[in-house]
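To start, the structure under review is shown below, and the notes come after it.
The values are calculated or read from the model by the stated rules, or taken from the named source; none is laboratory data. A quick note: this is a predicted structure, and the numbers were derived from the prediction, not measured. Cβ placement follows ideal geometry from the backbone for every residue including glycine, while neighbour counts extend to all protein chains displayed. Remember, those area values only see protein heavy atoms, side chains included, never the ligands or the DNA or RNA. Shrake-Rupley method; radii C 1.70, N 1.55, O 1.52, S 1.80 Å.
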Amino acid sequence: MSTTTTPTATARDVRRRATAALLAVLLGAAAALVALPSSRAAGADDRGRHWAGFHIPRTGHAAGGWIGGYRVEGTPVFVITPGRRPNRAGFRPSDATSDLRGSKGPSSAATERAAWILSKYGGHKDAVQAAAVDAAVLHLLGGRAWRFGAPRGAARIRSSGDPATVRRYVRLMLRGSRASAGPHQVAVVATTADVGGVTGVTVSVTDGHGGPVAGLPVRVTSPDGGPSQPAAGPIDTVTGDDGRAVVRLAAPLAGWRTVVAEVDQVPLHWLRVRRADRKRQASAAEGGVRRTIVASTRVAVRGPQSLTLAAVPGSLVLGAQAAVSVTAQGDATPRGARAALYGPFATAAAAACTGTAVATTSGTLPGAAAYTLPAVQPAAGGYYAWQVDVDGTGTVIPAAACGAVVKVRGRPTVSAAAPSTAPLGSSVQVPVTISGMPFPMRVDVRLKLYGPGDTTCSNAISTSSMSRIGNGQVVSGSVLLDAAGTYSWKVEADPGDLWQGAESVCGAPGSRTQVSP
């Protein structure tokens with residue numbers, strides 16, 4: 001009996017032990033497929049645990065057993081090498097890349113699209129959304145067999161808890177990635193403001209295809225500090241449907257200011273890959289990772305500039321040149337200036353920058369120091385006023401000023417029209433002509449008689465005084481010629497505020513009279 005029963009019991013024990021061993025192996029494999037912690041103590045947090053998704057049938061590949069995202073060191077990750085073995089050993093630290101496997105791997109466009117999907121949708125813990133992210137990423141990075149319409153890809157979606165919704169989400173994600181994936185750009189445009197106003201700032205965010213990106217948080221600051229320009233902001237806002245965020249910054253002081261925009265939550269156009277510690281085990285890419293883009297611009301706040309004008313010289317005689325000195329305070333930047341001379345006016349109080357300019361000039365102010373513009377020559381006596389217009393710069397407003405009154409004294413001329421002959425003892429009246437008076441003002445005139453025989457007009461024997469308003473002719477009183485000989489006449493005009501004194505030339509035509517006995 002014993003020889004017949006002992007082998008049977010031994011075979012049964014062997015079968016029990018083999019079954020137990022096989023069950024242990026299967027349980028161990030299942031534990032690895034669902035990414036339970038391994039027995040290795042070091043780095044226990046760097047192996048994936050289920051985060052959000054659905055259990056699906058196991059296949060022995062990394063894409064089996066689970067559709068959705070895992071969690072590694074608190075970060076959601078998604079498998080990107082579906083045909084490899086499940087990751088049992090853990091992952092290396094994340095590494096940014098835009099080229100997964102060189103020329104044999106996914107294209108750069110597919111990589112950018114997968115990065116956009118992971119960045120935009122991979123951080124939200126929702127089973128359906130995580131399953132859709134998983135399927136969309138494998139569609140782009142896993143090869144033909146894992147496309148969501150191919151047998152393997154479709155089978156995974158069918159095994160999820162809500163295949164219709166997952167499929168719809170995948171389509172939306174792929175469509176969005178096709179339209180928006182790629183490097184995002186941030187542009188900051190600020191408007192020049194006058195001091196006391198506001199600087200308008202527009203921050204524009206565009207996606208990889210130049211389309212607007214809505215819903216991104218934006219923080220705008222003007223960090224310049226110090227006495228010239230105080231800091232402004234921060235102002236927090238969000239991009240609108242047009243991809244723009246518009247804010248207004250107070251502009252209390254003149255000068256250049258820096259405007260900085262920080263745009264947060266910008267989708268990535270590269271992958272953050274966690275490669276497997278061991279070869280042939282699955283690698284993953286992080287989800288929900290976004291970036292901050294900082295952009296800035298320089299913009300001016302314009303303040304007033306003050307102008308100081310001075311006539312150079314303040315008084316001159318007709319025929320000389322007049323100029324104006326300009327001192328512009330507010331900016332040392334060279335800038336253009338134009339000057340116009342208005343006049344003549346009869347009094348300094350009446351001088352103004354009205355009517356038609358009689359002369360113009362222009363030049364470039366080299367800085368804040370006084371600068372004299374090129375001179376002009378007035379054509380008549382009187383008072384003149386300078387009008388100066390100075391261009392603005394980045395930080396100063398254009399300015400204009402009227403003033404710098406200059407006096408131009410005229411040069412009148414006088415002449416006599418005496419008779420060339422006269423009888424002895426006759427009385428004559430001599431017409432006197434005045435010309436070159438700048439205005440119809442009273443001028444006093446004297447007619448002097450020299451002789452007979454005084455051809456140098458050194459000793460007057462008679463003087464007749466008269467006056468006239470402005471240019472024209474005036475006739476002297478009667479002058480007795482009581483001796484024979486040649487007489488000479490000379491006319492003198494007194495100076496005035498706007499003209500010099502004048503006298504005729506002794507012996508000139510019309511100034512000699514021959515008296516015969």
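Could you state the number of Å between the C-alpha centres of the stretch 427-504 and the stretch 65-98?
Cα centroid of the stretch 65-98 versus Cα centroid of the stretch 427-504: 117 Å apart.
For the stretch 356-487, with the dipole built from +1 on Lys and Arg beta-carbon atoms and -1 on Asp and Glu ones, taken about the Cα centre, which of 396, 439, 425 lies farthest toward the positive end?
After comparing all options, I get 425.
Counting heavy atoms of the protein chains only and a 1.4 Å probe, report the per residue accessible area for the stretch 331-481 as a whole number of Å².
Dividing the accessible area of the stretch 331-481 by its residue count gives 45 Å².
In a solvent-free Debye calculation with one equal scatterer on each Cα, what is log10 I(q)/I(0) for the stretch 258-376 at q = 0.13, 0.17, 0.21, 0.23 Å⁻¹, listed in the order of the q values?
Debye intensities relative to I(0), on a log10 scale: -0.72, -0.97, -1.20, -1.31.
When the chain is fully extended, how far beyond the present Cα-Cα distance does residue 413 get from residue 349, taking 0.36 nm per residue of separation?
Length gained, residue 413 through residue 349: 20.3 nm.
Could you check how many percent of all C-alpha pairs in the stretch 186-345 are farther apart than 29 Å?
Looking at the stretch 186-345, the distances longer than 29 Å represent 49 percent of pairs.
At a probe radius of 1.4 Å, what is the per-residue accessible area of residue 402, in Å² to the nearest 10?
That residue has around 70 Å² of solvent-accessible surface.
So how exposed is residue 469, as accessible area in Å² (1.4 Å probe, rounded to 10)?
Residue 469 has an accessible surface of roughly 100 Å² with all protein chains in place.
With a 1.4 Å probe and all protein chains kept in place, how do 189, 220 rank by accessible area, largest first?
Ranked list, largest accessible area first: 189, 220.
Please work out the FRET efficiency for the pair residue 162 and residue 214, using the Cβ-Cβ distance as r and a Förster radius of 22 Å; give the result to the nearest 0.05.
It comes out at approximately 0.20.
Answer with one residue from 174, 193, 146: the one whose Cα lies farthest towards the positive end of the charge dipole of the stretch 116-203, charges on Cβ with Lys, Arg +1 and Asp, Glu -1.
The one lying farthest along the dipole's positive direction is 146.
Under a straight-distance cross-link criterion of Cα-Cα below 18 Å, which lysines are reachable from residue 125, leaving out those fewer than 8 residues away in the same chain?
Leaving aside lysines fewer than 8 places away in the same chain, none come within reach of residue 125.
Cut-off under 14 Å on the C-alpha distance; same-chain residues fewer than 8 positions from residue 120 excluded. Which aspartates and glutamates are left, in chain and number order?
Once the sequence-local aspartates and glutamates are set aside, what remains near residue 120 is 112, 134, 207, 264, 286.
Which residue, 75, 384, 458, has the largest displacement toward the positive end of the dipole of the chain when charges sit on each Cβ (Lys, Arg +1; Asp, Glu -1)?
Result: 75, furthest along the dipole toward the positive end.
Can you give the relative contact order of the stretch 202-281 as a percent, counting alpha carbon pairs under 8 Å and 6+ residues apart?
33
Using Cα atoms only, what is the angle between the long axis of helix 2-33 and the major principal axis of the chain, expressed in degrees (0 to 90) to the nearest 10?
10
If you count only protein heavy atoms and use a 1.4 Å probe, how large is the accessible surface of residue 270, to the nearest 10 Å²?
The value for residue 270 is about 70 Å².
Would you please report the Å³ per residue occupied by the convex hull of the alpha carbon atoms in the stretch 285-442?
With only Cα atoms used, the stretch 285-442 gives 151 Å³ per residue.
State, as an integer percentage, the relative contact order of the chain based on alpha-carbon contacts under 8 Å between residues 6 or more apart.
10
Mind putting together the pair-distance distribution for the stretch 252-328? All Cα pairs, 10 Å bins, whole percent per bin, short to long.
13, 18, 14, 12, 11, 9, 8, 7, 5, 2, 0
Let's test this: bin the Cα-Cα distances of the chain at 10 Å from zero up to the farthest pair and state each bin's percent.
Using 10 Å bins, I get a P(r) of 4, 13, 12, 10, 9, 8, 7, 7, 6, 5, 5, 4, 4, 3, 1, 1, 0, 0, 0, 0, 0 for the chain.
Per 5 Å bin from zero, what fraction in whole % of the C-alpha pairs of the stretch 371-426 is there, up to the bin with the longest pair?
4, 11, 14, 13, 10, 8, 7, 6, 6, 5, 4, 4, 3, 2, 2, 1, 1
Could you name the lysines whose alpha carbon sits less than 30 Å from that of residue 448, not counting residues in the same chain fewer than 8 places away?
490
With only Lys, Arg, Asp and Glu charged, each at its Cβ (+1 for the first two, -1 for the last two), find how big the charge dipole of the chain is about the Cα centre; round to the nearest 20 debye.
The dipole magnitude comes to about 5220 debye.
What 222 nm value per residue comes from the helices of the chain, counting each DSSP H run with n ≥ 4 as -39,500 (n - 2.57) and dividing by all residues, nearest 500 deg cm²/dmol?
Calculated at 222 nm, the ellipticity per residue is -5500 deg cm²/dmol.
Specify the inter-centroid distance of the stretch 329-349 and the stretch 104-150, based on alpha-carbon positions, in whole Å.
After rounding, the separation between the Cα centres reads 71 Å.
Can you give the translational diffusion coefficient of the stretch 409-513 in µm²/s, computed by Stokes-Einstein from the Kirkwood radius over Cα pairs at 25 °C and 0.890 mPa s?
Answer from the Stokes-Einstein relation: 178 µm²/s.
Express the relative contact order of the stretch 352-429 as a whole percentage, based on alpha carbon pairs under 8 Å and six or more residues apart in sequence.
26
Per the Kirkwood definition applied to all pairs of different Cα atoms, how many angstroms is the hydrodynamic radius of the stretch 88-210?
Result for the stretch 88-210, one decimal place: 16.7 Å.
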